[in-house]
1. Yes or no: residue 53 of a type outside the set (Ser, Thr, Tyr), in contact (Cβ under 8 Å) with a residue 24 or more places away in the chain, in contact with a Phe, Trp or Tyr (Cβ under 6 Å, 6 or more places away or on another chain) and buried (at least 19 other Cβ atoms within 10 Å of the Cβ)?
2. With the stretch 210-300 as the region, which strands (runs of 3 or more DSSP E) entirely inside it contain at least 3 residues that are under 12 Å from residue 87 (Cβ atoms) and within 23 Å of the chain's Cα centre (by Cα)?
3. Take residue 327 and decide whether it is touching a Cys at 6+ places or on another chain (Cβ under 6 Å), hydrophobic (A, V, I, L, M, F, W, C) and in the same structural domain as residue 389 (by TED's automatic domain parsing).
4. Take the residues in the stretch 177-193 that are part of a loop (DSSP other than H, G, I, E, B) and free of Cβ contacts under 8 Å to residues at least 60 places away in the same chain, then tell me which one is nearest to residue 91 (Cα to Cα).
5. Please find, among 98, 80, 43, the residue that is modelled with pLDDT of 95 or more, under 25 Å from residue 124 (Cβ atoms) and over 16 Å from the mean Cα position of the chain (by Cα).
6. Go through 185, 179 for me and flag whichever is open to solvent by 10 Å² or more (accessible area, probe 1.4 Å), within 16 Å of the ligand (Cβ to nearest atom) and touching a strand residue (DSSP E or B) at 6+ places or on another chain (Cβ under 6 Å).
7. Of the residues that make up the stretch 124-145, is at least one assigned by TED's automatic domain parsing to the domain that holds residue 227, touching a residue at least 24 places away in the same chain (Cβ under 8 Å), more than 22 Å from residue 378 (Cα to Cα) and part of a loop (DSSP other than H, G, I, E, B)?
8. Of the conditions (1) open to solvent by 10 Å² or more (accessible area, probe 1.4 Å); (2) more than 11 Å from the ligand (Cβ to nearest atom); (3) not β-branched (Val, Ile, Thr), residue 201 clears all except one; give me its number.
Amino acid sequence: MGLMEKIRENFPALGQKVYGKDLVYLDNAATSQKPKVVLDLLNEMYGGTNANVHRAMHKLSDDTTMLYEGARECVREFINAPGKECVIFTSGTTASINLVASSYCRKFLKEGDAVIVSGDSHHSNIVPWQLACEIAGAELKVIPVKDNGELDLDEYRNLLDSRVKIVAVEHISNVLGIINPVKEIIQQAHKLNIPVLVDGAQGIVHADVDVQEMDCDFYVFSGHKIYAATGTGILYGRRELLEAMPPYMGGGDMVDTVSFAKTTYAELPLKFEAGTPHFIGQATLKPALEFAKWLKEGEIGKAVKEEEEKIIEYMTNALAQIEGCTLYGTAENKIPLFSFNIEGCFPSDLAQLLDKMGVAVRTGFMCCEPLMTRFGVTSMVRASFLPYNTLQEAEYFIKCLNRAVNMLR
Ligand code: PMP
């Protein structure tokens, strides 16, 4: 068995047929398929170790708490956070950004201040900041995107001043697939003591993340894009900031003592984990991240890297050969993610035809309407790959795409 088959056999979903055709799943930037280790843990926990975390003096609750806290340690190690208390479980990237935008801004954002976001931002890295700015009477500023998809760092430097209270940028855009120079962005902001939040929804999957080396103040991501259960996510935060921030949601588990007169709060990380969390889902972050590590190491890691390089080269050339095809995000330092338009073909028509051939892609504005506007379009087609995708699938995709284009023109 080849190494790619060895990887793929972990994913039951990849073996299915759609409309009688072998599934070619290229909508990975939206969500990943799940490996057996994750599915097995979900089954074991729902069918066995099921009890609420942190709450009861009995074996099942203890076991669940161990699995939940074990996953937190695994996340800590995966991103090299300095301590487990800096790793907050949330329901996903969106929830993590809303937590920071709400809690941090309530404390630190005042009238006349400003927040900077990157122009390639997902709606979840725009709207929460807009809401916070509206409440505070602050201004939202945007780092422009250049024609090749890179962020304009000269403009960014011009936007930075003492009014800016936080910078929130994409690690990797879910439309352009370009790895942004987040370290440089952070260094510039830190010169003025401005904290930086990095949206790592795509970054955690495709880059090696070391939050201490990156020196970010917040790093957020979703479990479901990196092989774990849906409804799971992480907010990494610098300890001093998390400590200074007020609780976001109130309820069980986030308190120390409660009286009608006054409530005091639990220590980190529980201060930000009100209510029953998705503890079974969060526990799957451990097998999921161990799996992600396995994909990066040794001969498997080498095979994955080689296949990825071949896919990027093949896809870039093949798309360029299609008449009237515009690829968005042409800068170097790119992950295997390709958003494009083809003259004379509506993205949704292309996606529907591809679907009938077994190929799953994403179309629409991909939760990035301002970025679509920047490129003068309302929609794109996106094919996004993960390490379980093969060059053969890329070739099949291009063959199907050409067929679909011929049918539509
Ligand atoms: N940011 C980016 C870059 C994303 O790709 C996504 C998911 N498409 C999100 C934020 C939001 O993630 P979630 O829906 O899992 O909260």
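The values are calculated or read from the model by the stated rules, or taken from the named source; none is laboratory data. Values in this document were obtained by computation on a predicted structure and should not be read as measured data. Cβ atoms come from the backbone with ideal geometry, glycine included; neighbour counts cover every protein chain shown. Heavy atoms of the whole protein, side chains included, go into the accessibility calculation; ligands, DNA and RNA do not. Shrake-Rupley method; radii C 1.70, N 1.55, O 1.52, S 1.80 Å.
1. Working: of a type outside the set (Ser, Thr, Tyr): yes; in contact (Cβ under 8 Å) with a residue 24 or more places away in the chain: yes; in contact with a Phe, Trp or Tyr (Cβ under 6 Å, 6 or more places away or on another chain): yes; buried (at least 19 other Cβ atoms within 10 Å of the Cβ): yes.
Spelling it out, residue 53 is indeed of a type outside the set (Ser, Thr, Tyr), in contact (Cβ under 8 Å) with a residue 24 or more places away in the chain, in contact with a Phe, Trp or Tyr (Cβ under 6 Å, 6 or more places away or on another chain) and buried (at least 19 other Cβ atoms within 10 Å of the Cβ).
2. Numbers: elements: 218-222, 233-237, 255-258, 263-265.
It comes to 218-222, 233-237.
3. Numbers: touching a Cys at 6+ places or on another chain (Cβ under 6 Å): no; hydrophobic (A, V, I, L, M, F, W, C): yes; in the same structural domain as residue 389 (by TED's automatic domain parsing): yes.
For residue 327, the condition - touching a Cys at 6+ places or on another chain (Cβ under 6 Å), hydrophobic (A, V, I, L, M, F, W, C) and in the same structural domain as residue 389 (by TED's automatic domain parsing) - is not met.
4. First, pick out the residues of the stretch 177-193 that are part of a loop (DSSP other than H, G, I, E, B): 177, 180-181, 191-193.
Of the ones still in play, those that are also free of Cβ contacts under 8 Å to residues at least 60 places away in the same chain are 181, 191-193.
Working: 181: 27, 191: 32, 192: 32, 193: 29 Å.
In this case the residue turns out to be 181.
5. Details: 98 fails: over 16 Å from the mean Cα position of the chain (by Cα); 43 fails: under 25 Å from residue 124 (Cβ atoms).
80 is the lone residue from the list that is modelled with pLDDT of 95 or more, under 25 Å from residue 124 (Cβ atoms) and over 16 Å from the mean Cα position of the chain (by Cα).
6. Working: 185 fails: open to solvent by 10 Å² or more (accessible area, probe 1.4 Å).
On inspection, the qualifying residue turns out to be 179.
7. yes
8. (2)
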